[in-house]
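What follows is a short report on a single structure.
The values are calculated or read from the model by the stated rules, or taken from the named source; none is laboratory data. Keep in mind it's a predicted model, so treat the numbers as computed, not measured. Positions of Cβ are backbone-derived with ideal geometry, glycine not excepted, and every protein chain shown enters the neighbour counts. Quick note on the areas: whole protein, heavy atoms, side chains included, nothing else; ligands and nucleic acids left out. Shrake-Rupley method; radii C 1.70, N 1.55, O 1.52, S 1.80 Å.
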Amino acid sequence: MLSIKNLNVAINGQQILKDFNLEIKTGEVHAIMGPNGTGKSTLASTLAGKEAYEVLSGEVIFKGKDLLEMSPDERAREGVFLAFQYPVEIPGVTVTNFMKAAINAKRRHFGLDPMDAKDFLKLMRQKMELVEIKKEMMSRSLNEGFSGGEKKRNEIFQMAMLEPSLCILDETDSGLDIDALRIVANGINKLRSPERSFLVITHYQRLLNYIVPDVVHVMFGGKIVKSGGKELALELEEKGYDWIKDEVAAEA
Amino acid sequence: MSFADKINSEFELAEKNASGEHVLAHIRKDAFTSFQKLGIPGNRHEEWRYTNIKTQLPETLSIAGHTTWNVSKDGFNGFADIKATKLVFLNGVLNTGLSTIIEETGVTVGSLKEHLGHNTALTEKYFGKLVNKYEDHFSMLNTAFVNDGAFVHVKKGITATHPIFIINLYNSPENFTQSRNLIIVEESSKLDVIVDFQNQGSSSYYNHVSECFVGNNADLNVTKLQTSTQHTTAVHTLEAEVGRYAKFTCTTISLEAKLIRNTTNVRLCGENSEAHLNGLYYGTGTSLIDNHILVDHLVPNCQSNQLYKGILDEEATGVFNGKIFVKQDAQKTNAFQSSKAILLSDEASINSKPQLEIFADDVKCSHGAAIGQLSQDEVFYLRARGIHESDAKSILTYAFASQIINTITTDALKVYLDNNLKERLHLNF
Ligand SMILES: Nc1ncnc2c1ncn2[C@@H]1O[C@H](COP(=O)(O)OP(=O)(O)OP(=O)(O)O)[C@@H](O)[C@H]1O
Ligand SMILES: [Mg+2]
């Protein structure tokens with residue numbers, strides 16, 4: 001599904017990702033943990049194609065294609081979805097209109113006609129139920145005045161609507177109360193399938209109790225420094241990051 | 001013959017033809033004398049600095065000249081979805097055949113020429129009374145030459161059920177057509193007016209004046225549509241005087257133009273009155289859209305809002321000048337102004353100038369002007385969901401503009417403008 005090789009990325013002239021490598025097979029769930037400022041969101045934004053992130057070298061192959069050659073919107077239409085850590089508020093654009101434009105852009109990309117209004121509403125209803133979003137939300141401006149939790153739910157709702165092949169979740173769990181965490185995690189789990197891969201960025205093991213990962217990576221200083229099974233998340237929760245830092249220092 | 005000489009001789013001729021006329025003749029003559037002093041302003045005139053109207057009016061244009069043509073019922077946009085009394089004007093002259101009137105008690109509508117011609121008292125009381133206050137070049141010219149226009153009168157205590165829709169069609173590239181509205185809403189009455197302008201010719205030139213009298217405790221809501229005004233060079237002047245506890249709302253929507261100047265002057269003359277002036281303009285190609293607004297707070301305890309939004313693409317130019325005058329007596333004034341413009345191309349430009357002159361000390365006055373591009377983060381968010389860059393920009397532009405369209409209270413009109421804007425932006429949701 002996704003293969004990242006020796007990726008070096010800078011922002012504002014400052015290098016953040018350093019020889020970053022990651023391989024995600026179709027259907028797998030990978031979790032990335034790591035201290036603040038190590039470059040987790042940088043990785044997510046680079047994969048989504050945000051202009052400010054300058055790729056210095058390296059390659060990213062997504063479903064056999066060179067991802068870095070594609071525009072951000074093309075990546076999305078091809079099946080990359082990033083649930084943002086901080087979703088942007090967009091006054092004046094309703095969730096419904098936004099989703100209609102997104103769904104139809106994807107359909108057009110695959111040579112399909114725009115979805116008819118009835119099917120679209122049905123799909124919306126289904127996916128709203130998945131993350132228990134109220135109908136009123138759909139006619140509100142995108143993320144405007146949404147609570148932190150509502151924004152995160154809305155991201156997952158969009159993900160469910162667009163049915164991507166690679167879901168990148170950047171701290172979708174932060175800012176969620178206990179009930180909302182369960183709802184969002186259940187929603188994500190319902191989207192798990194043998195054809196879909198996940199990259200879950202989180203600080204808390206809690207989320208991984210719901211969304212059980214196949215692999216857990218620890219990121220530090222712009223690269224993955226340790227990988228393991230789901231037990232690694234538990235270990236980090238218990239011991240913090242210092243021992244990892246020590247290990248890295250010892251190796252250097 | 002120079003343009004000025006030409007205008008002089010045309011006026012003399014017009015005067016001769018109208019000889020023996022009543023009080024109107026005097027008003028005309030006075031206005032013309034004022035105009036002769038003022039002339040057509042060039043760009044050295046402060047109010048016309050960025051809008052060089054003089055170079056845009058061919059000197060061959062006739063001011064008094066009038067042509068008409070045959071228009072069928074479906075030869076123009078009659079806004080079939082909007083239930084209203086509709087008055088249709090061809091180059092400024094009422095065409096009764098194309099007009100449809102919904103009779104309402106206490107509401108009088110019709111031809112300005114007819115109503116003023118029969119009623120000296122009415123003419124003396126209202127005609128030309130507001131435009132005199134600021135002695136504006138084009139208003140004076142209009143008063144001197146105007147032949148016909150819309151007359152709307154709502155009696156005391158009447159709430160009109162249907163809007164009055166004034167549809168102005170122009171088709172003459174040879175004339176500088178002078179057209180006019182006189183709108184009077186008496187004490188405690190309520191009325192919605194929609195004024196639409198449509199160009200049917202290869203190009204057209206006109207000078208349109210509206211005088212609006214809003215009585216004590218009355219409510220007048222005017223919406224001006226410049227949505228079918230491609231190849232149009234026009235000067236619009238709207239003057240309003242607002243009485244005690246009265247409310248005046250004016251929304252100016254300019255989506256097409258060669259050169260359009262909208263001057264909107266509102267005088268808050270009665271305590272506790274309010275004015276809400278909203279505007280949306282969208283320029284493409286080489287069009288120039290100019291909005292000059294003046295809210296004159298003359299008495300205490302009044303409030304005013306100016307909310308203007310502009311979109312400028314390609315090589316279009318926008319001009320915004322928003323004046324708030326607070327006279328010495330006008331304590332406890334609450335005045336607000338916001339002007340926002342987005343530039344969608346490097347060649348587009350806007351000249352924006354707030355102008356506050358405050359002579360009272362106990363006032364709340366705020367203004368904000370913002371000129372910028374679409375937010376990169378917002379564009380990216382939309383693209384990250386698969387929406388093409390150009391569509392993402394259109395969606396955000398639409399969102400920016402819809403704030404103004406959403407202030408419109410006539411639903412069918414809101415739908416019309418919403419669709420119009422979506423079409424312009426190639427959006428289909
Ligand atoms: N626009 C920018 N200009 C300069 N530095 C930046 C910019 N954006 C991010 N950085 C820096 O890049 C580094 C990595 O940031 P990033 O957001 O990827 O971290 P993160 O691992 O996601 O952290 P967190 O866990 O706090 O979300 C940080 O040191 C940050 O300050
Ligand atoms: Mg982050």
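A quick yes/no check of all residues on (1) of a type in the set (D, E, K, R); (2) surrounded by fewer than 21 Cβ atoms within 10 Å (Cβ to Cβ); (3) farther than 20 Å from A:SER41 by Cβ:
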site: A:LEU121; (1), (2), (3): no, yes, yes
site: A:GLU195; (1), (2), (3): yes, yes, yes
site: A:LEU199; (1), (2), (3): no, no, no
site: A:VAL212; (1), (2), (3): no, yes, yes
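In the list B:ASN142, B:ASN119, B:ASN168, B:ASN77, which residue meets the criterion of being surrounded by fewer than 22 Cβ atoms within 10 Å (Cβ to Cβ) and in contact (Cβ under 8 Å) with a residue 40 or more places away in the chain? Quick ask: steps written out before the conclusion?
On the way: B:ASN142 fails: surrounded by fewer than 22 Cβ atoms within 10 Å (Cβ to Cβ); B:ASN119 fails: in contact (Cβ under 8 Å) with a residue 40 or more places away in the chain; B:ASN168 fails: surrounded by fewer than 22 Cβ atoms within 10 Å (Cβ to Cβ).
The unique qualifying residue is B:ASN77.
Sort out which residues of region A:139-155 are more than 16 Å from ligand 1 (Cβ to nearest atom) and either away from every other protein chain (no Cβ under 13 Å) or without any contact (Cβ under 8 Å) to a residue 24 or more places away in the chain (or both), and write them in order of number.
Residues satisfying the conditions are A:GLY145, A:PHE146, A:SER147, A:GLY149, A:GLU150, A:ARG153.
Quick one: would you say A:GLY13 is within 14 Å of ligand 2 (Cβ to nearest atom), more than 14 Å from chain B (Cβ to nearest Cβ) and without any contact (Cβ under 8 Å) to a residue 12 or more places away in the chain?
No: the conditions fail for A:GLY13.
Quick one: count up the residues across region A:70-81 that are out of contact with any Gly (no Cβ under 7 Å at 6 or more places or on another chain) and facing another protein chain (nearest Cβ under 9 Å).
Adding up the residues that qualify gives 4.
Okay, residues lined up against (1) within 16 Å of ligand 1 (Cβ to nearest atom); (2) closer than 22 Å to A:LEU22 by Cα; (3) basic (Lys, Arg):
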{"site": "A:ASP170", "(1), (2), (3)": "yes, yes, no"}
{"site": "A:LEU176", "(1), (2), (3)": "yes, no, no"}
{"site": "A:ALA185", "(1), (2), (3)": "no, no, no"}
{"site": "A:ARG192", "(1), (2), (3)": "no, yes, yes"}
{"site": "A:ILE201", "(1), (2), (3)": "yes, yes, no"}
{"site": "A:ASP214", "(1), (2), (3)": "no, yes, no"}
{"site": "A:PHE220", "(1), (2), (3)": "yes, yes, no"}
{"site": "A:GLU237", "(1), (2), (3)": "yes, no, no"}
{"site": "A:LYS245", "(1), (2), (3)": "yes, yes, yes"}
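Residues checked against (1) in a strand (DSSP E or B); (2) within 16 Å of ligand 2 (Cβ to nearest atom); (3) among the small types (Gly, Ala, Ser); (4) away from chain B (no Cβ under 14 Å):
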residue: A:LEU169; (1), (2), (3), (4): yes, yes, no, no
residue: A:ASP173; (1), (2), (3), (4): no, yes, no, yes
residue: A:ARG182; (1), (2), (3), (4): no, no, no, yes
residue: A:HIS203; (1), (2), (3), (4): no, yes, no, yes
residue: A:VAL225; (1), (2), (3), (4): yes, no, no, yes
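Going through region A:1-21 one residue at a time, which ones are open to solvent by 10 Å² or more (accessible area, probe 1.4 Å) and not in a loop (DSSP other than H, G, I, E, B)?
Hits for region A:1-21 are A:SER3, A:LYS5, A:ASN6, A:ASN8, A:ILE11, A:GLN14, A:GLN15, A:ILE16, A:LYS18, A:ASP19, A:ASN21.
Looking for something within 16 Å of ligand 1 (Cβ to nearest atom), among the hydroxyl-bearing types (Ser, Thr, Tyr), within 18 Å of the chain's Cα centre (by Cα) and modelled with pLDDT of 90 or more - is there at least one such residue anywhere in region A:156-168?
No: zero hits.
Hey, could you check region A:36-69 for residues that are in a helix (DSSP H, G or I) and of a type outside the set (Ser, Thr, Tyr) and say which is nearest to the other protein chains (Cβ to nearest Cβ)?
The extreme case among them is A:ALA48.
If I filter region B:130-142 for residues that are hydrophobic (A, V, I, L, M, F, W, C), touching a Ser or Thr at 6+ places or on another chain (Cβ under 7 Å), more than 25 Å from B:GLU187 (Cβ to Cβ) and assigned to a helix (DSSP H, G or I), do I get at least one hit?
Within region B:130-142 (the criterion being hydrophobic (A, V, I, L, M, F, W, C), touching a Ser or Thr at 6+ places or on another chain (Cβ under 7 Å), more than 25 Å from B:GLU187 (Cβ to Cβ) and assigned to a helix (DSSP H, G or I)), the answer is yes, since at least one residue qualifies.
Could you check B:LEU191 against (1) part of a strand (DSSP E or B); (2) out of contact with any strand residue (DSSP E or B) (no Cβ under 7 Å at 6 or more places or on another chain) and say which number it fails?
Among (1) part of a strand (DSSP E or B); (2) out of contact with any strand residue (DSSP E or B) (no Cβ under 7 Å at 6 or more places or on another chain), B:LEU191 violates only (2).
If you check A:ILE90, A:ILE61, which single one turns out to be without any contact (Cβ under 8 Å) to a residue 60 or more places away in the chain and open to solvent by less than 10 Å² (accessible area, probe 1.4 Å)?
A:ILE90
For region B:7-27, which positions are of a type in the set (D, E, K, R) and at pLDDT 90 or above?
Of everything in region B:7-27, those that are of a type in the set (D, E, K, R) and at pLDDT 90 or above turn out to be B:GLU10, B:GLU12.
Residue check, A:THR26 against (1) open to solvent by 10 Å² or more (accessible area, probe 1.4 Å); (2) outside any strand (DSSP E or B); (3) closer than 30 Å to A:SER141 by Cβ, all met but one. Which one?
(3)
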